[in-house]
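Structure first, commentary second.
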Amino acid sequence: MSILSDEELVILAKEDKEYLNQLVERYKGFVSRLTSGYTMSGYTKEDFLQEGFIALCNAVKSFDPSKHTKFSTYLTTCIKNKMKDIIKTGNYEKRKTPPTISLDETIGEEDNEYHDIVAADTRNPEERLLAREELSETIAMLKKKLSSFEYKVFVLFLADYSYEEMTKILSANGENVTKKQIDNALQRVRLKIKA
């Protein structure tokens with residue numbers, strides 16, 4: 001039986017979670033190396049590692065084999081961009097005055113869902129900037145309200161990952177995470193957001 005190339009594995013991982021698990025396992029050390037050099041106040045090495053795995057899963061979804069790019073090259077770019085975004089957002093937050101936005105107004109209302117803020121491309125640049133600032137404020141508030149584990153689960157939940165996928169991603173760095181722990185974390189997140 002021949003070993004699948006990264007690119008073949010990515011194509012299969014788009015349809016079958018078992019291949020995604022294999023890819024996560026294959027790239028565990030790679031993601032760890034790429035994220036290990038980053039530091040920022042309020043972020044642990046584990047936080048950066050988890051963000052790296054989220055970038056890996058997003059890279060699998062968006063990778064286009066017809067572009068004739070190696071997956072490892074594409075993934076490197078995705079992870080580095082993700083790390084730069086985190087650092088940029090963190091530095092921006094340090095310069096800002098404390099946020100006055102209500103968490104309930106940003107997430108949970110029918111006409112102002114998280115995905116609307118992130119995915120809307122039809123707004124003008126000023127509206128996009130305001131939405132990005134609003135999102136940054138919300139993320140900062142969530143990080144204060146939620147534990148590190150709850151925040152990671154919440155981010156994966158918003159990215160539309162199943163409990164099984166979340167279990168694999170969060171367990172990729174050696175922790176043993178169960179679906180029940182993820183469900184409990186999401187219940188606590190809901191209660192904290194409502195509060």
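Here are the numbers for the structure shown:
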quantity: All helices (runs of 4 or more DSSP H) inside region 120-195 with 2 or more residues being under 30 Å from Asp16 (Cβ atoms), modelled with pLDDT under 85 and out of contact with any Cys (no Cβ under 8 Å at 6 or more places or on another chain); calculated: 148-158, 163-171
quantity: Flag if Ile86 is open to solvent by 40 Å² or more (accessible area, probe 1.4 Å) and either β-branched (Val, Ile, Thr) or more than 16 Å from Lys152 (Cβ to Cβ) (or both); calculated: no
quantity: Of all residues in region 158-187 being touching a helix residue (DSSP H, G or I) at 6+ places or on another chain (Cβ under 6 Å) and open to solvent by 60 Å² or more (accessible area, probe 1.4 Å), the one that is farthest from Ile86 (Cα to Cα); calculated: Lys179
quantity: Residue check, Ser102 open to solvent by 30 Å² or more (accessible area, probe 1.4 Å), at pLDDT below 70, under 19 Å from Lys194 (Cβ atoms) and hydroxyl-bearing (Ser, Thr, Tyr); calculated: yes
quantity: Some residue of region 57-70 being over 19 Å from Tyr161 (Cβ atoms), of a type in the set (S, T, N, Q) and open to solvent by less than 70 Å² (accessible area, probe 1.4 Å); calculated: yes
quantity: Residues within region 33-49 that are in contact with a Lys or Arg (Cβ under 9 Å, 6 or more places away or on another chain) and farther than 17 Å from Ser148 by Cβ, tallied; calculated: 2
quantity: Index of the failed condition, Phe154 passing every other in (1) within 19 Å of Glu51 (Cα to Cα); (2) open to solvent by 30 Å² or more (accessible area, probe 1.4 Å); (3) without any contact (Cβ under 8 Å) to a residue 40 or more places away in the chain; calculated: (2)
quantity: Every pair of residues 6+ apart whose Cβ atoms lie under 7 Å, when the first sits in region 18-42 and is under 19 Å from Lys61 (Cβ atoms) and open to solvent by 30 Å² or more (accessible area, probe 1.4 Å) while the second is β-branched (Val, Ile, Thr) and in a helix (DSSP H, G or I); calculated: Leu34/Thr76; Leu34/Ile79
quantity: Residue that is nearest to Tyr27 (Cα to Cα), among those in region 58-96 that are among the polar types (S, T, N, Q) and at pLDDT 90 or above; calculated: Ser72
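The values are calculated or read from the model by the stated rules, or taken from the named source; none is laboratory data. These numbers were taken from a predicted model, which means no experiment stands behind them. Positions of Cβ are generated from backbone atoms using ideal geometry, with glycine treated the same way; all protein chains shown enter the neighbour counts. Keep in mind that these areas ignore ligands, DNA and RNA; they rest on the heavy atoms of the full protein, side chains included. Shrake-Rupley method; radii C 1.70, N 1.55, O 1.52, S 1.80 Å.
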